[in-house]
Amino acid sequence: MGIEITGADVVPELAYNRVFMESLDITQHPQVVEGEHPRYDLRVGYRLYAIDPDGKRHYAPKVHSLDVPDFLNLAQERAVSGKPALLQAIGAIQIAMAELLEAKGRTTKATIV
């Protein structure tokens, strides 16, 4: 995954303007009542890196953490404002989970409901 950012630290010949995602954790809280608004908390661990003129990557030592409580709520707010990518990502994760359950033999058919 390659993400380039602006306003990054620059040292001679190196601009730490790329993002390397080290970890992604999504926690879904149990719902007591069917149909209740689900809650997903998200945590991303990432570090910045630079690419030197020879194409070699240089990773910054610090791992940053980005915590997003109630990720679904944020995704829905962004979608309403014309930015649906986060909401689409949640849908893609659900589809991927169903595919993984089938691919790893945990079930013969998994359906998103």
* Asked: Do we find a residue being in the same structural domain as G7 (by TED's automatic domain parsing), among the polar types (S, T, N, Q) and farther than 30 Å from L14 by Cβ anywhere in the range 28-38?
  -> yes
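If a residue has to be under 21 Å from the mean Cα position of the chain (by Cα), surrounded by 14 or more Cβ atoms within 10 Å (Cβ to Cβ) and of a type outside the set (G, A, S) to count, how many in the range 51-68 make the cut?
2
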* **Single match in L48, L86, L101 (criterion: touching a helix residue (DSSP H, G or I) at 6+ places or on another chain (Cβ under 8 Å) and surrounded by 12 or more Cβ atoms within 10 Å (Cβ to Cβ))** => L86
* Structure fact -> L42 passes all but one of the listed conditions (1) free of Cβ contacts under 8 Å to residues at least 24 places away in the same chain; (2) over 21 Å from G7 (Cα atoms); (3) in the same structural domain as F20 (by TED's automatic domain parsing); the exception is number (1)
* Structure fact -> Of the conditions (1) surrounded by 10 or more Cβ atoms within 10 Å (Cβ to Cβ); (2) within 20 Å of Q94 (Cα to Cα), the single one that E34 does not satisfy is (1)
* Which residue out of V44, V33 is of a type in the set (V, I, T) and within 14 Å of the chain's Cα centre (by Cα)? -> V44
* Is there any pair with a first residue in the range 73-95 that is not assigned by TED's automatic domain parsing to the domain that holds H37 and a second that is assigned to a loop (DSSP other than H, G, I, E, B) and loosely packed, with under 14 Cβ neighbours inside 10 Å whose Cβ atoms are under 6 Å apart and which are 6 or more apart or on different chains, and what are they? -> Q94/I112
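The values are calculated or read from the model by the stated rules, or taken from the named source; none is laboratory data. Keep in mind that what you see is a predicted model, and the values were worked out from it rather than measured. Because the Cβ atoms are built from the backbone with ideal geometry, glycine has one as well, and the counts that use them run over all protein chains shown.
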